[in-house]
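To keep things clear, I will list the structure first and then write my remarks on it.
The values are calculated or read from the model by the stated rules, or taken from the named source; none is laboratory data. These numbers were taken from a predicted model, which means no experiment stands behind them. Note: ideal-geometry Cβ built from the backbone for every residue, glycine included; neighbour counts use all protein chains shown.
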Amino acid sequence: MKIKFLLLLLLGVSFLFFGCAKKGEETNVTQTPNATQNISADDQELADLFQIDTDRPLGDEGLDTGTPSSQN
Amino acid sequence: MKRLLIFFVLLAGLSSAWTNDALPDILNARYEYVSCDVNYADEWLSMREDCADQEEVPVFDSSDYMSTLEDDLDDLKEAADEADKFEFGLAAVQIGVDSLDLLGAIFLDALNNKTMDFFSCVRDGEQPLMEDRNDCRADAMELEREASKDYVNNELDYANEQIVDLEETGADTSGMEEIVDYGEELIDDIDPAFDSGDIKEVRKLYLRHSRLVLLFRLEKMHSTINYVEPIIESGHNDNKDEILERGDDLRDDVEDLLVQCEYSDEVDDNWDYARDNLECWGDSLDLFEEFMALGALILEGA
């Protein structure tokens, strides 16, 4: 009777152990990124790419100021 | 709260905008050029008044016009010292407007009781003044020649930095690289344009430069959208559908503008090229805005 109890206890512990191990495996599988996700930047990095200078560069301002002459 | 955070992120991006270290030099050189014209106008009016005294004809009082131009010149100097490109542009436009005002007053005054001897006196008197002005302009142009080389070189360095940053992500940057190649050709054309002594040739450089800066930014937006699209598509951003739809529309608009504003190093007519530039920049402003809005949308759906 005692032996049967010990065997059942061992079996229970074994199930618990393997159950936890199995659960751990599954967790690891879902947490491991696939190949595509590995090369992807996250949303913050993607958003950072959307910056652009909007100001116009210096032009020819001042190069065409009219000056008086006898032709005027 | 999240929107507020996004706002501050975008604001930080704008406030840390890149500035060209050669900008103060180029603005000061331009100021020198404009001051040659204003000083010439002052001396020319004095010479004209002397001719009027000599020939005993009336002339209008030009002191208010000159005083206005001197004030404009002070504003221009202040903007140059502060390296404020926007204020400098406004001050330069104001000088152009007030100079035209002066020219109009001179034209009207020429119709008021003048003699042929008076006109002859002015014609003779302006020759040495024009020579001095041309020498003054040439000195200013020498300053601008060197400053403009530094200016474009700095821009190319900045452009190459942006290319490297995007390349590291795996984006296709070939369009941006092509614009940089055109920019290097532009640097090669700086000396011949300044050597010509023709201000129209120098203006052509600025017109080409303006177009290249715009095209580089359009190419950058194009590369970015193409790179980001598949990542968003395979991801789980809450705004995924809207980002993809608006990104697709923006890419179409950018491609259209890239065709419409295609670069040419041949400037047949400065005014036509300038008008096209104005139109291209005008059309691009909404696209820049939409591009930055897409970044905010990505953050919002993260």
>> Among the listed residues B:Met66, B:Met47, identify the single one that is in contact with a Gly (Cβ under 8 Å, 6 or more places away or on another chain), in the same structural domain as B:Gly104 (by TED's automatic domain parsing) and aliphatic (A, V, I, L, M).
In response: B:Met47
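Yes/no per residue for (1) over 19 Å from the mean Cα position of the chain (by Cα); (2) not in a helix (DSSP H, G or I):
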residue	(1), (2)
B:Leu166	yes, no
B:Asp172	yes, yes
B:Pro192	yes, no
B:Leu214	no, no
B:Ile243	yes, no
B:Gly247	yes, no
B:Val254	yes, no
B:Val259	yes, no
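Yes or no, residue by residue, for (1) more than 23 Å from the chain's Cα centre (by Cα); (2) hydroxyl-bearing (Ser, Thr, Tyr); (3) within 10 Å of chain A (Cβ to nearest Cβ); (4) more than 25 Å from B:Ala159 (Cβ to Cβ):
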site	(1), (2), (3), (4)
B:Tyr206	no, yes, yes, no
B:Tyr227	yes, yes, yes, no
B:Gly235	yes, no, yes, yes
B:Gly282	no, no, no, no
B:Glu289	no, no, yes, no
B:Gly301	yes, no, yes, yes
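For every residue, the table says whether it meets (1) surrounded by fewer than 19 Cβ atoms within 10 Å (Cβ to Cβ); (2) of a type in the set (A, V, I, L, M).
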| position | (1), (2) |
| --- | --- |
| B:Asp181 | yes, no |
| B:Ile187 | yes, yes |
| B:Ile190 | no, yes |
| B:Glu229 | yes, no |
> In the range B:125-144, how many are crowded, with 19+ Cβ neighbours inside 10 Å and over 30 Å from B:Asp53 (Cβ atoms)?
Replying inline: 3
>> Quick check on the range B:21-37. Is at least one of its residues more than 19 Å from B:Ala147 (Cα to Cα), facing chain A (nearest Cβ under 10 Å) and out of contact with any Cys (no Cβ under 6 Å at 6 or more places or on another chain)?
In response: yes
> Is the range B:53-62 home to any residue that is among the β-branched types (Val, Ile, Thr), under 20 Å from B:Ala79 (Cβ atoms) and either assigned to a helix (DSSP H, G or I) or more than 10 Å from chain A (Cβ to nearest Cβ) (or both)?
Replying inline: no
>> With in contact (Cβ under 8 Å) with a residue 24 or more places away in the chain and acidic (Asp, Glu) as the only criterion, which of B:Asp181, B:Asp265, B:Asp252 stands out?
In response: B:Asp265
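For B:Asp72, state whether it is closer than 26 Å to B:Arg145 by Cβ, buried (at least 18 other Cβ atoms within 10 Å of the Cβ) and at pLDDT 95 or above.
yes
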